[in-house]
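Enquirer: My questions all concern the structure below.
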Amino acid sequence: MAAIDRRFATWCGGRPFAAGLLAVAAGLEIVLLPITGYEFLLVQGIGGIGSLLTAIGLVAGGVALWRYPHRARVIGAGVLLLAFVAYLVANLGGFLVGMLLALVAGSLALAWQSGDAR
Amino acid sequence: MTEDAPAPHSAGRTRWSRFAVIVTVSLALAGGLVYATASAALPTSFALSGKNFKFSAKRVEGKGFAQFVGLGQGSRSPMAVTGMASALVSGLCFSALVPTPVGSVTIRAEAGGDRPVEARNLVLNLTEMRAEATATNLSLGIDAARIDGATGITGRAGDYAHQADRIVITDLKANASTTTAGTFRMTGLSIVVKPGRQECF
């Protein structure tokens, strides 16, 4: 157990883990908010597609942050950009919550310094 | 966390000072964005859906109005699909009750207090609606598949529908299951997130 914990801690330490997690959370919040009920969109408008696309982008960004930590700055800038896009096209960024999560995620990723580049 | 000498080559860290600068700048930009939409300089898009979603307005002046009965996906419950090509909405309020692990949370947005909100291609799927309405050039009993309104929505052939060139709705209170709007131009937008049930009506 302890070994697994330590392996996980090392894995987290090697990448902007919190940034990725927040980006994924932002994407999920944005896409899940409009469908909290059981009905899915009957008439799919530009708004529905916009929130779906931004959410996919944010989740992909979060996963990319874990997968490619050395690209954290580029991905972080993208996540930050998507946060603003989400505000405009996705229900005010999932009623601000998703936008704020994505803003913090992008900022964390941009502030990440990988161990290789001393 | 710490910069140990024998740190594995993969370990990295967050530079908190840089984070503080970036997050402050981006929050300021976000604030500017919110201000721009609240003052109606920027249009925003909406797509909401949920069984606890409420929509109310003091006054709606719609053009290209059409309404017909539609079924939700998986034909669970019938809904009044209501479309307007363009609308001026005063006293707009929409709220959603979101179930969370820590109890219900209300998300409520209000706009159009001073100047009306401009909406384009507004489509509301209503499960219940109470309002006073005055329609001009109203055609009742047309085929839902033959609606020629500008929103582009049509129903199934054979279903009942009505449409009007112009409609003025006052004291609208509706339970909507979904709403989409091509664009909303908000004026005096305020959004609140509150625990508990604090809906529009």
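Enquirer: For the interface of B with A, what's the total buried accessible surface in square angstrom, probe 1.4 angstrom, rounded to the nearest hundred?
Expert: Interface area, both chains combined: 4200 Å², rounded to the nearest 100.
Enquirer: Moving to a separate point now. Compare B:159, B:114 by solvent-accessible area with a 1.4 Å probe and give them largest first, with all protein chains kept in place.
Expert: From most accessible down to least: B:114, B:159.
Enquirer: Related question: Per-residue mean of other chain beta-carbon atoms within 10 angstrom of the beta-carbon, peptide A:108-114?
Expert: Mean shielding by partner chains, rounded to a whole number: 6.
Enquirer: Continuing with the same structure: Taking the mean number of other Cβ atoms within 10 Å as a proxy for protection, how do you rank B:20-30, B:59-69 from highest to lowest?
Expert: The packing order, highest mean first, is B:59-69, B:20-30.
Enquirer: Once you have a ≥ b ≥ c as the square roots of the Cα gyration tensor eigenvalues for the stretch A:2-110, tell me rounded if a/c is under 1.5, and otherwise prolate or oblate according to whether a/b is larger than b/c.
Expert: Prolate shape, in that a/c is at least 1.5 and a/b is the bigger ratio.
Enquirer: Taking each residue in A:87-99, count the Cβ atoms of any other chain within 10 Å of its Cβ, then average. What number comes out?
Expert: 6
Enquirer: What's the FRET efficiency of residue B:132 with residue A:53 using the Cβ-Cβ distance as r and R₀ = 35 Å, to the nearest 0.05?
Expert: E between residue B:132 and residue A:53, to the nearest 0.05, is 0.35.
Enquirer: I've got another one for you. Average partner chain C-beta neighbours within 10 Å, per residue of B:88-97?
Expert: Neighbouring Cβ atoms belonging to other protein chains average 1 per residue here.
The values are calculated or read from the model by the stated rules, or taken from the named source; none is laboratory data. Keep in mind the model is a prediction, meaning the values are calculated, not measured. Note that each Cβ is placed from the backbone with ideal geometry, even for glycine, and that neighbours are counted across all protein chains shown. Accessible surface is based on the protein model in full, side chains and every heavy atom, while ligands, DNA and RNA are left aside. Shrake-Rupley method; radii C 1.70, N 1.55, O 1.52, S 1.80 Å.
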